[in-house]
Amino acid sequence: MTRLQQSLGLVGFLLVCVLLSHEVAAEEKPALEEERSTRLRVGLVLGGGGARGAAHIGVLKELERLRVPVDAIAGTSMGAIIGGLYATGVNADELEQLVGSLDWSAALSDEPSRASLSFRRKQDEREFPMGLELGLRGKELLLPKGVIQGQKLDLLLRELTLHASHISDFDDLPIPYRAIASDIVAGEAVVLDGGDLSMAIRASMSVPAVFAPVRVDGRLLVDGGLIGNLPVDVMRTMGVDIIIAVDVEFPLYKSEELSSVLTISEQMLTILIRRETLRQIETLSESDVLIRPELGLYASANFADIAETIEPGRQAVIQKTERLQKLSLPEAEWEPYLAQRKLSLNENEKLAFVRVKHDGKLAPEVLESRLSVHAGDEINAELLAQNANRLYGLELYQHVGYRLLNEEGGTGVEYQAVAKSWGPNFLNFGVSLEDDFEGSTGFNLSARMTRAGLNKLGAEWRSDLQLGTDPAFLTEFYQPLSFDSRVFVAPRLEVRQSNLNVFTMSDRVARYRVSESTLSLDLGRELGTVGEFRTGIYRGVGEARVKVGDPALGNFDFDRGGVFARLRIDSVDNSNFPTEGILADITWNLSRPGLGADFKFDTIEGEYSQTWSAGKNSLQLGLSYATTLSSDNTVQDFFPMGGFLRLSGIARGEISGPHSALTRLVFYRRVSDTTGGLFETPVFIGFSAEAGNAWQLREDISFSSMQLNGSLFAGLDSYFGPIYLAAGFGEGGDTNFYLNIGSPPR
């Protein structure tokens, strides 16, 4: 046999194999694919409408009851969320359970859980509670690109679509899918047909100014509703025969309802969006089906009652039953259709690698040291999200997400951290006010500038300025000494003024204005995210001037110098109105003439509180003790008492001394029922029982000499921090009334 004959024989053999393989493939082709080729293909278009879009779930429930198959989905905004999840195999009942159980107020916010914040960020949040952060670059103040960066929403979407994370072509999903977004730069619609599914959904619902834009393939994307809120034209390109379009847009207000600037502005936006929607609807043919649930004036932002829109969606489909029944599958074909929609993640698969990608100055080792997930761990959405929040808790990034990637036959996770566009210098603000309505008022405005990520180890330069009753300036350079950021050195300078009352027995005899400046060098260690231990050496000078009282008491200057040790613990879940956790602060200060001090003495100061909760009720136990060892005469080191929750029946700082103690029991109940709202403001009512005093001599300390006080209060967890309106009661009928705004009482 010649070589040519051998070659021809081989080619013939290969050709036969190819033909046979095609025959086998044809035989193995699911019967469902053959059925699809004979029946009409149905495309579902789900429009945007915020919380109104949950009506899509009712539509899907009724379509499933009628056994109407869906062969393609295109969605915008909330329609992109519902449609995207449905396309991955999540059924209507599962979607209904999801929207009914979800804490929307948490999902539609950026505020990380306090448990995931680093201890330094917990300090920022407690000391500067105002919910405003600005960037500073040169002389320019910078704002975030959206009120909400979408951190929690992104992690939620990623968890819900994790089983489809390996699919990058949306035609390969159980139901082919398209998400519609708007290019905010070019002003045109963008059809997302592949890539990162959760990011495509996230981009489609990024309402401008509310949510930060999403960058996908170099384009800056926002809510698709601006240009294509009901993308019928997109569905036309997906090869379907019949379109079911669901319109959930907010209706136009009537003349009598246009009564404010807000409603007129809403009307203007609705008109602009509605014009394109009507154009899309006009392209529907007689064989297509338009569904408009009766939602009335249900607000697009009313996520608290979102489940109420599901039934109107179902009822709107019932009205179209006669037409839709023509599309129904026989019962024998319905189960195979549902079976092919199932898509699951191999839960036993292990992570082949874990890495962090970011665009900041920090060394990757610094970020990786924060992670608790490692190569070899099981793929678990909750664990992956927790670790993303650990990095987000550094508050250096506007967004921290993750992706599962297939590389060299293994699946790993890549965390992606995007630096804040308004960084790296950040301004935080605080306001505090305490007014007893009898002339005793303390008011302070404060600001903190943090220059973050100064080097690969994560150094920060923090500077505070406070103006008002207690003016102060503090600057600190915080330098971690290792990649894990646990051990640090922190030189600092502090300058402050405060009022201090001095009393003899129960009579106040003077009020001093104390001014002091202190320079210190601290060495410390972070205790995970819950605490910090510091020790250091300090040197300072000060003066005390009589402002109220007998001038004969005299003014005096003083020098400070010594060493200190301080332990702080913060594990509370909310710095303003905690429901659980511990807050502790213990300081031992050793004043020594050899280090520049006027006197040799030690002070010990400690505060501890713990909170427990049951339902909406919370109980907090607080203990405070401060004492001076070997000296009773250093007025500048006296410990003040009085004010709300620090003996509420007497005025702020009304008594002070070298020794003080306080115990209190505080009960409060959350009475607001706005959980699930987009902009909720929790309201509380409560009372306190307090016992304590300040003493001049140690031997005077006794239970019998403690004053009994209490309070009744209403509280608000506001944008500016906690707000209290309280009435304080003391022994002998003493009363005080308080308006307290700002930092939580200690």
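The values are calculated or read from the model by the stated rules, or taken from the named source; none is laboratory data. What you see is a predicted model, and the numbers here were worked out from it, not measured in a lab. Counting neighbours? That spans all protein chains shown, and the Cβs are built from the backbone with ideal geometry, glycine included. Please note that ligands, DNA and RNA were not included when accessible areas were found on the heavy atoms of the full protein model with its side chains. Shrake-Rupley method; radii C 1.70, N 1.55, O 1.52, S 1.80 Å.
Quick notes on this structure:
- Within the option set Arg492, Arg511, being of a type in the set (Lys, Arg) and either exposed (fewer than 15 other Cβ atoms within 10 Å of the Cβ) or over 33 Å from the mean Cα position of the chain (by Cα) (or both) holds for one residue only, Arg511.
- Screening Leu739 against (1) at pLDDT below 90; (2) assigned to a strand (DSSP E or B) leaves a single unmet condition, (1).
- Where Ala189 falls short, out of the listed (1) under 25 Å from the mean Cα position of the chain (by Cα); (2) in a strand (DSSP E or B): (1)
For every residue, the table says whether it meets (1) in contact (Cβ under 8 Å) with a residue 60 or more places away in the chain; (2) surrounded by fewer than 17 Cβ atoms within 10 Å (Cβ to Cβ); (3) in contact with a helix residue (DSSP H, G or I) (Cβ under 8 Å, 6 or more places away or on another chain); (4) not charged (D, E, K, R).
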{"site": "Asp93", "(1), (2), (3), (4)": "no, yes, yes, no"}
{"site": "Glu133", "(1), (2), (3), (4)": "yes, no, no, no"}
{"site": "Leu143", "(1), (2), (3), (4)": "yes, yes, no, yes"}
{"site": "Gly146", "(1), (2), (3), (4)": "yes, no, no, yes"}
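- Output for the range 589-627, where each listed residue is of a type in the set (S, T, N, Q) and closer than 21 Å to Arg534 by Cβ: Asn589, Ser591, Thr603, Ser609, Ser624, Thr627
- Matching residues, the range 422-462, being of a type in the set (D, E, K, R) and either at positive phi or assigned to a strand (DSSP E or B) (or both): Glu434, Asp435, Arg448, Arg451, Glu460, Arg462
- Restricting the search to helices (runs of 4 or more DSSP H) fully inside the range 297-349 and requiring at least 3 residues that are closer than 16 Å to Ile57 by Cα gives 310-318.
- From the options Gly540, Gly562, residue that is open to solvent by less than 60 Å² (accessible area, probe 1.4 Å), touching a Leu at 6+ places or on another chain (Cβ under 6 Å) and not charged (D, E, K, R): Gly562
- Matching residues in the range 215-242 - criterion: being surrounded by fewer than 23 Cβ atoms within 10 Å (Cβ to Cβ), touching a residue at least 12 places away in the same chain (Cβ under 8 Å) and in a strand (DSSP E or B): Val216, Arg219, Leu220, Ile242
Residue by residue, here is whether (1) modelled with pLDDT under 95; (2) closer than 20 Å to Ala339 by Cβ; (3) within 31 Å of the chain's Cα centre (by Cα) holds:
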residue	(1), (2), (3)
Ala31	yes, yes, no
Arg39	yes, yes, no
Leu63	no, yes, no
Ala87	no, yes, yes
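- Checked against (1) surrounded by 21 or more Cβ atoms within 10 Å (Cβ to Cβ); (2) among the aliphatic types (A, V, I, L, M); (3) in a loop (DSSP other than H, G, I, E, B), Leu662 passes all but a single condition, namely (3).
- Output for the range 385-427, where each listed residue is free of Cβ contacts under 8 Å to residues at least 40 places away in the same chain and under 18 Å from the mean Cα position of the chain (by Cα): Asn387, Leu391, Tyr397
- When Pro251, Pro208 are checked against the criterion of being open to solvent by 20 Å² or more (accessible area, probe 1.4 Å) and in contact with a strand residue (DSSP E or B) (Cβ under 7 Å, 6 or more places away or on another chain), a single residue qualifies: Pro208.
- Tallying residues that are over 28 Å from Arg121 (Cα atoms), open to solvent by 70 Å² or more (accessible area, probe 1.4 Å) and basic (Lys, Arg) within the range 573-627 yields 1.
- For the range 271-290, the criterion of being open to solvent by less than 60 Å² (accessible area, probe 1.4 Å), within 20 Å of Lys61 (Cβ to Cβ), of a type outside the set (Asp, Glu) and at pLDDT 90 or above is satisfied by at least one residue.
- Yes/no for Thr535 being in a strand (DSSP E or B), under 30 Å from Ile723 (Cα atoms), among the polar types (S, T, N, Q) and open to solvent by less than 80 Å² (accessible area, probe 1.4 Å): no
- Cβ-Cβ distances below 6 Å connect the following pairs, each with a first residue in the range 445-472 that is under 20 Å from Glu434 (Cβ atoms), a second residue that is part of a strand (DSSP E or B) and of a type in the set (Val, Ile, Thr), and a separation of six or more residues or different chains: Leu445/Val431.
- Looking across the range 109-146, the residues that are assigned to a loop (DSSP other than H, G, I, E, B) and among the small types (Gly, Ala, Ser) come down to Ser109, Ser113, Ser118, Gly131, Gly138.
- As a summary of the residue check, Asp110 satisfies the conditions (1) at pLDDT 85 or above; (2) in contact with a Gly (Cβ under 8 Å, 6 or more places away or on another chain); (3) acidic (Asp, Glu) except for the one numbered (1).
- Number of the exception - His374 against (1) modelled with pLDDT under 90; (2) assigned to a loop (DSSP other than H, G, I, E, B); (3) not aromatic (Phe, Trp, Tyr): (1)
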